[in-house]
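FYI, it's all coordinate maths here, none of it is from the lab. Remember, it's a predicted structure, so these values are computed and weren't measured experimentally. Note that we place each Cβ from the backbone using ideal geometry, even for glycine, and neighbour counts take in every protein chain shown.
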Amino acid sequence: MSAIDLAQVTIARGGREILRNISVNIRRGEFVGVLGPNGAGKTTLFRTILGLQPIQSGRLEVFGAAPRRGNPAIGYMPQTRIGQTGQNLRGFDILANAANGHHFGLPISSRVIRDDVAAALQAVDATELAARPIATLSGGQRQRLLLAAALLGSPKLLLLDEPLISLDPAAQASIIALIHRLAETRGLTVLFAAHDINPLLGVMDRVLYLSGGNAAIGAVDEVVTAAALSKLYGADIEVIRAAGRIFVVSDTADHHHECGHA
Ligand SMILES: Nc1ncnc2c1ncn2[C@@H]1O[C@H](COP(=O)(O)OP(=O)(O)OP(=O)(O)O)[C@@H](O)[C@H]1O
Ligand SMILES: [Mg+2]
């Protein structure tokens, strides 16, 4: 059975179609990189899978059922980060709150929540970090706490919205390795949104590219080509491979900016 199946799905926000008639099937246990320029609909797709955003037409199934809010099978790391508020909170408080929200409406004992939080923190090796005020943590350390929050309730699917943002290359490599190891040992399906494809090349099974309302999914060598991306973007895109890295570039200045990873 698929983890996620979209058949001819159209999603609109604010009266505008963001993704148009897309068909994408993601198998259980797959690690999929989700790429595409700003505004392509990566976050919108995640919100739709979470049941937070309706579809206009088509069919969407998550583990064989319609999307529903609060699905415990899904762990979500939102693109919005821990902001300036609550800086005196400790990581532990944030996770305990998240765990409470996770079990919303259910009479759940504080013991179960404590155990869930402790296990999630241990999985990302952040037990000690969680005792410190958030304000005293680095971006990479906060990111690890957010990953722990996404692991609460032992989900089968992780939707990770740009976990690499504002991390240096070493911190990027370390969080990717951590997520990859968790995915392998737990058999998780992972959708990992990113702006640069290169850090994901060693871990992802397939890439899902979104642009101009369209979607293309496949092996990197199938999707990240000049022909396939030019069709997707509706513009001339060049793909340059050098030193084991991939650079997606466009001739026109305005599109160069939109590609976001050249
Ligand atoms: N609350 C909203 N109301 C109306 N339109 C929205 C809303 N949120 C996002 N959009 C629009 O939906 C489109 C897709 O946005 P989305 O956030 O899904 O893109 P994205 O691929 O995640 O971009 P980014 O790389 O910047 O995170 C954009 O055109 C955006 O302006
Ligand atoms: Mg986004």
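Counting charges near residue 45 (Lys, Arg +1; Asp, Glu -1) among other residues having Cβ under 12 Å from its Cβ returns a value of +2. Working note: 222 nm ellipticity from helices only, DSSP H runs with n ≥ 4, each -39,500 (n - 2.57), summed and divided by the residues of the chain, gives -9500 deg cm²/dmol to the nearest 500.
Taking amide H atoms as placed 1.01 Å from N in the peptide plane, the amide H of residue 238 lies under 5 Å from those of 249, 250, 251, each 5 or more residues away in sequence or on another chain. Label-to-label distance, residue 110 versus residue 38, with points set 7 angstrom from Cα along the beta-carbon direction: 4.5 nm. Taking a Cβ cut-off of under 15 Å around residue 9, the surrounding Lys, Arg, Asp and Glu residues balance to a net charge of +2, with basic ones at +1 and acidic ones at -1. Among 11, 26, 1, whose Cα sits farthest toward the positive end of the charge dipole of the stretch 1-155 (+1 at Cβ of Lys/Arg, -1 at Cβ of Asp/Glu, about the Cα centre)? In the stretch 1-155, that residue is 11. When +1 charges are put on Lys and Arg Cβ atoms and -1 charges on Asp and Glu Cβ atoms, the dipole computed for the stretch 89-154 relative to its Cα centre reaches about 120 debye. Short version: what are the Cα gyration tensor semi-axes of the stretch 89-154, square root of 5 times each eigenvalue, largest first, in whole Å? Calculated on Cα positions only, the semi-axes equal 20, 11, 10 Å. Comparing 158, 52, 229 in a Gaussian network model of the chain (Cα springs below 10 Å), the most mobile by mean-square fluctuation is 52.
Amide H contacts of residue 158: 75, 189, 190, 191, each under 5 Å away and 5 or more positions distant or on a separate chain (H built 1.01 Å from N in the peptide plane; Pro and chain starts excluded). GNM remark for the chain: springs join alpha carbons under 10 Å apart, and the peak mean-square fluctuation among 129, 19, 188 falls on 129.
In order along the stretch 12-26, the phi-based Karplus estimate (6.51 cos²θ - 1.76 cosθ + 1.60, θ = phi - 60°) of 3J(HN,Hα) comes to 10, 9, x, x, 10, 6, 8, 10, 10, 6, 8, 10, 9, 10, 10 Hz; Gly and Pro are listed as x.
Backbone geometry of the stretch 220-227 corresponds, through the Karplus equation with coefficients 6.51, -1.76 and 1.60 at θ = phi - 60°, to 3J(HN,Hα) couplings of 3, 5, 8, 8, 8, 10, 4, 5 Hz, x marking Gly and Pro. Within the shell defined by Cβ-Cβ distances under 13 Å, the residues around residue 223 carry a net charge of -1, with Lys and Arg each +1 and Asp and Glu each -1. Among beta bridges from DSSP that stay inside the chain, the antiparallel ones total about 60%. With Cα atoms defining each centre, the stretch 18-44 and the stretch 215-233 are spaced 13 Å apart in the structure.
Relative to the current alpha-carbon distance between residue 1 and residue 23, full extension at 0.36 nm per residue lengthens the span by 6.3 nm.
For the stretch 184-224, the average shadow cast by the Cα convex hull is 3.4 nm², which is a quarter of the hull's surface. The Kirkwood radius of the stretch 8-56, taken over pairs of alpha-carbon atoms, gives through the Stokes-Einstein law at 37 °C and 0.692 mPa s a diffusion coefficient of 282 µm² s⁻¹. Evaluated on the chain, the Kirkwood hydrodynamic radius is 19.2 Å, with distances taken between all distinct Cα atoms.
For the chain, a crude dipole built from +1 on the beta carbon of Lys and Arg and -1 on the beta carbon of Asp and Glu, taken about the Cα centre, is about 800 debye to the nearest 20.
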